[in-house]
Amino acid sequence: MDTPSLVMSKDINSYFEGLLKKVHGLYIIQITDRDGAPVMRVSQDKNVDFTLTPSFISTFTTASDQAGKLGLGRNKTIISMYSNYQVVQMNKLPLILTFVGSENCNTGHILALEHQLDAYLEDMRLAVSES
Amino acid sequence: MEYFRPIWSCMSSLFCGCLHCNDDLTNQGYDPSERTHLLSDTVNNSPALRRTNSENISSDCQSVPKKDDQQNALCRLVQNTAINMIDVGAMDSHNLEHQECDVRIKLYSHRLQQQWSNIQSPSKRVKGILKDIPKPDVYLTLSVNPEDINQMTAAIERVHRALANIKIDHKEAIVVPFRIP
């Protein structure tokens, strides 16, 4: 018999994995704190390890902060296109959402996931902000 | 940039550390810019002038609070410039130690488990069409009135007939291309 927390954890994991399958070409959904320490991560069988490094996430956090000083207003999302991948990073402090997809993945679909995830982020936000 | 940063941090710590200027500057309603004068009256209150002019000792005493204001203004400028400066070199300074990262992962996981243990899992909720009825077994054992069964059967047959009679006459193209220029 699973404990309630384990059941909840499985439910949320399966929900995130469902989202991953809904968007064609999306490989990873990763939720971290602002320094890159992972809170949750779901992925398909694809080796995209560069997004796992905390430095990649913390660089986004700093870049987002610094970009706000350019005079274009506060930055919320950064989309980075590479030759084989695209990385969408969202600033939802104290959480950072990172999506990694293929270069052909529909970026609009990834951005639309933001609103679907919001309800599930509240517990994680509490867990991170308690520190 | 790497050479400039230590000098800058040294300047800000020197000015603000010595003058105890730790207030939140944005809350003071004072917004200095690059055109703000560091010294409000440079001719009359210049420290060099005051040193040479021994007759104005009394005015020296009065200028002490003004000097503080000037130093505060300078401090504000230094801090605001530090806040507004785009420091690309700072991106390397936030790297998380591997050990600390592991500690945080465990901490977050533990907290989430604690939070989720207090929530009723959706999978534990009662499922089924009779979930709103407190004791469905009682109603399920009762015999159903034949008139009700006849009424439901007749309704379903009418729905089937209605569905079979639905016809669509399409006059225009069903798939329309987006008019993207």
Output the residue which, of all residues in segment A:103-127 that are open to solvent by less than 10 Å² (accessible area, probe 1.4 Å) and within 14 Å of chain B (Cβ to nearest Cβ), is nearest to the chain's Cα centre (by Cα).
-> A:Leu121
In this structure, is B:Gln79 closer than 30 Å to A:Pro94 by Cα, within 14 Å of chain A (Cβ to nearest Cβ) and at pLDDT 80 or above?
-> no
Just to be sure, is A:Val42 touching a helix residue (DSSP H, G or I) at 6+ places or on another chain (Cβ under 8 Å), touching a residue at least 60 places away in the same chain (Cβ under 8 Å) and either β-branched (Val, Ile, Thr) or farther than 23 Å from A:Gly25 by Cα (or both)?
-> no
Given the conditions (1) closer than 24 Å to B:Gln114 by Cβ; (2) at pLDDT 90 or above; (3) in a loop (DSSP other than H, G, I, E, B), report the number of the one that A:Ile29 does not fulfil.
-> (3)
Any idea which of (1) surrounded by fewer than 20 Cβ atoms within 10 Å (Cβ to Cβ); (2) more than 10 Å from chain B (Cβ to nearest Cβ); (3) at pLDDT 85 or above is the one A:Val100 doesn't satisfy?
-> (1)
From (1) surrounded by 14 or more Cβ atoms within 10 Å (Cβ to Cβ); (2) under 14 Å from the mean Cα position of the chain (by Cα); (3) over 24 Å from B:Glu100 (Cβ atoms), pick out the condition that doesn't hold for A:Asn75.
-> (2)
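Checking the structure you have, find out if any residue of segment A:57-70 is open to solvent by 50 Å² or more (accessible area, probe 1.4 Å), under 13 Å from the mean Cα position of the chain (by Cα), of a type outside the set (Val, Ile, Thr) and modelled with pLDDT under 85.
Looking only at segment A:57-70, we keep the residues that are open to solvent by 50 Å² or more (accessible area, probe 1.4 Å), and these are A:59, A:65, A:69-70.
Within this subset, residues satisfying the condition of being under 13 Å from the mean Cα position of the chain (by Cα) are none.
No, that holds for no residue.
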Picked from segment A:78-90 (must be at pLDDT 90 or above and buried (at least 19 other Cβ atoms within 10 Å of the Cβ)), the residue farthest from the other protein chains (Cβ to nearest Cβ) is A:Gln86
Condition test on A:Asp45, is it facing chain B (nearest Cβ under 10 Å) and not in a strand (DSSP E or B)?
-> no
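Scan B:Glu147, B:Glu55 and give me the residue that is modelled with pLDDT of 85 or more and open to solvent by 100 Å² or more (accessible area, probe 1.4 Å). Even if it seems obvious, please write down each step before you answer.
Details: B:Glu55 fails: modelled with pLDDT of 85 or more.
Among B:Glu147, B:Glu55, only B:Glu147 is modelled with pLDDT of 85 or more and open to solvent by 100 Å² or more (accessible area, probe 1.4 Å).
The values are calculated or read from the model by the stated rules, or taken from the named source; none is laboratory data. Owing to the predicted nature of the structure, the values given are computational and were not obtained by experimental measurement. All Cβ positions, even for glycine, are placed from backbone atoms using ideal geometry, and neighbour counts span all protein chains on display. With ligands, DNA and RNA removed, areas are computed over all heavy atoms of the protein, side chains included. Shrake-Rupley method; radii C 1.70, N 1.55, O 1.52, S 1.80 Å.
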